[in-house]
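See structure below.
The values are calculated or read from the model by the stated rules, or taken from the named source; none is laboratory data. Being a predicted model, the structure only gives us computed values, none of them experimental. Quick reminder, even Gly has a Cβ in these numbers, built from the backbone with ideal geometry, and neighbours come from all protein chains shown.
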2 protein chains.
Amino acid sequence: MSRPREFDVDRALCQSMEMFWTKGFKSTSFEDLTRTTQVKKQSLYGVFKDKRELFLKALALYREQSVAMLEELASQEVSPLQKLKAICDAALYPNEEAMRRGCFMVNTVLEFGADDQEINREAELMYSQVERILEKVIRSGQERQLITTRQSSKELAAFLNNALSGAKVMEKSGASREQIDEVLRTTFALIAPENAR
Amino acid sequence: MSRPREFDVDRALCQSMEMFWTKGFKSTSFEDLTRTTQVKKQSLYGVFKDKRELFLKALALYREQSVAMLEELASQEVSPLQKLKAICDAALYPNEEAMRRGCFMVNTVLEFGADDQEINREAELMYSQVERILEKVIRSGQERQLITTRQSSKELAAFLNNALSGAKVMEKSGASREQIDEVLRTTFALIAPENAR
DNA sequence: TCCGTTTTTGACCACGCAGTCAATAAAGTA
DNA sequence: TACTTTATTGACTGCGTGGTCAAAAACGGA
C-alpha cells in the first residue's frame, strides 16, 4: 500500500536518548540527532512532532530502563543490605560513561526547572518508582532486624533516594568515585550502624 | 583624563548573577542581561571580556555571598545542632525566590558537566568551604556529646553536604517545602538520634 | 505496468544569538 | 577653548538553530 519505513524507530529513540543524556536538551542540536541516528531530519519529524516530543519519549525510555534494572536487582537472592548497596551502585554507575554523564533525570530536572509540568511529572514518576523499590527492600531489612533505626521504611527510602540525588550531582561535577563511595558508606553506616559491614 | 563610567559595575554584576541564577548560562541571552542591568551591550563588553567571563564572575560572587552567610550563621551563639539546622535552612532557602531557582552552584555544575575545569574549580571551592563550616560545627557538637555517632566530623560534613545537594535538586524539581523538610528531619535524626528534637 | 501512498532527500527560511564596528558624547587637562 | 581619552550608542554581521517545503524515490496493490 505504501512505502515502508527504512529505519528502526526504537533504535533511533535509544540513540537519541544517549545524545540527550550526554549533552542535555538545549545543547543537543537536531543535527546531533541526525548524525548519531543516521536518520534524516524529515524522517525523524515524520515520527516525532518536534525536538521536545522526541526528548520526552527519550526521557520516559530512560526511566523505564532504569527502573527495570533496579527492580531486577531488588529481586535477587541476597541480603537486603547487599541489595541496597547494589541498587545504589547501579543507580550511580549503570555503565561505563555514566560517570561523565551523571543521571539523565537529575540533569533534566535541573535544566528545565520547576516550571515545566511535563518534565516534572516524569521526574516525580521516577522518584516514586525508585522510592517504592527502596522502601520494599528497607522493610525487609527491618523485618530481619538488619535495620533498627527508629525511622519508618518510607522515611528511610526518601532519605536514601535524596542521598542518591546528591551523589548524582557529585558525579556530574567530576568528583572521584572514591569520594562518592565515602559519602555512600557514611550513609549506609547511619542507616544500619551494626550491619553495614 | 577621560570619561568616567556611568554605571555601577558591582551592581550590574549582582543583577547579572540573579539572571544567570534564574535562567542558567545558555538560556540567558545577552539581551536579558542588558535589559535587567540597564547597561548597553558595548558597555558590558568594555568591562567583561565576554558572556562567559561575566558568568564566572557572577558565580564567584554567589559563592562568596553564600559562604559568608553560612559563616555568619555558624558564629551565632546557639547550640551546634541548631546551627546546623539554621545553616541547612539558609542553604536551601536564602530568599523568597530560591525555591524556584534552586542553588546556582548546583544548577551550574549540572549545566556544564564534568568537563569544564573552570566551573568545576569554582564548584569544588564552594563544596570545600561549606564542608569546612559544617565540619567545625559538627565537631563542636561532638565535643558536647550532642552528636555521638561513630563517624568522624569530616565524614559527617561530607555526608550532610551531600544531603543538601540532594535537597537542592528536589527544590529545583518543584518538590514542596514539606517534602524537603521531611528528608532533612530524617537526616538530622540519623546524625543525632537522641538530640535532634 | 501503472497508481496511490508514504518515506526520503536536500534545499530552504526566519529567527535569535554572541560578538564587532564606527560614530558620537562626555569628561579631564592644558 | 582645544585636545586626548574613554564610555556610550545603535547599527551591523555571521552563524547556528528548529522547523518547513516541494520534489523525488520506493513500495504494495490493482
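Brief remarks on what is shown
- Answer residue from segment B:28-42, given it is more than 14 Å from chain A (Cβ to nearest Cβ) and assigned to a loop (DSSP other than H, G, I, E, B) and is farthest from DNA strand D (Cβ to nearest atom) among those: B:Gln38
- Residue in segment B:114-137 that is in a loop (DSSP other than H, G, I, E, B), more than 17 Å from the chain's Cα centre (by Cα) and within 16 Å of A:Val106 (Cβ to Cβ) present: yes
- The residues of segment B:134-157 that are more than 14 Å from chain A (Cβ to nearest Cβ) and in contact (Cβ under 8 Å) with a residue 24 or more places away in the chain, listed by number, are B:Lys136, B:Val137, B:Ser140, B:Gly141, B:Arg144, B:Leu146.
- Which listed residue is within 13 Å of DNA strand D (Cβ to nearest atom), part of a helix (DSSP H, G or I), modelled with pLDDT of 95 or more and surrounded by 13 or more Cβ atoms within 10 Å (Cβ to Cβ), from B:Tyr45, B:Tyr62: B:Tyr45
- Taking the numbered list (1) modelled with pLDDT under 95; (2) in contact with a Phe, Trp or Tyr (Cβ under 9 Å, 6 or more places away or on another chain) in turn, B:Asn95 passes all entries but (2).
- Just one of (1) more than 28 Å from B:Thr22 (Cβ to Cβ); (2) away from DNA strand C (no atom under 16 Å from the Cβ) fails for A:Phe112. It is (1).
- Annotation for segment A:18-27: no member residue is more than 14 Å from chain B (Cβ to nearest Cβ) and aromatic (Phe, Trp, Tyr).
Table: residues versus (1) more than 9 Å from every other protein chain (Cβ to nearest Cβ); (2) more than 30 Å from A:Ala123 (Cβ to Cβ); (3) at pLDDT 95 or above.
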| site | (1), (2), (3) |
| --- | --- |
| B:Ala90 | yes, no, yes |
| B:Met99 | no, no, no |
| B:Val109 | no, no, yes |
| B:Asp115 | no, no, no |
| B:Ala123 | no, no, yes |
| B:Phe159 | no, no, yes |
| B:Asn162 | no, no, yes |
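- Filter pass, A:Val183 being under 24 Å from B:Met126 (Cβ atoms) and crowded, with 19+ Cβ neighbours inside 10 Å: yes
- B:Gln76 meets the stated requirement of being touching a helix residue (DSSP H, G or I) at 6+ places or on another chain (Cβ under 8 Å), among the polar types (S, T, N, Q) and more than 17 Å from A:Asn107 (Cβ to Cβ).
Okay, residues lined up against (1) of a type outside the set (A, V, I, L, M); (2) within 14 Å of DNA strand C (Cβ to nearest atom):
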| site | (1), (2) |
| --- | --- |
| A:Leu13 | no, yes |
| A:Lys23 | yes, no |
| A:Phe30 | yes, yes |
| A:Lys40 | yes, yes |
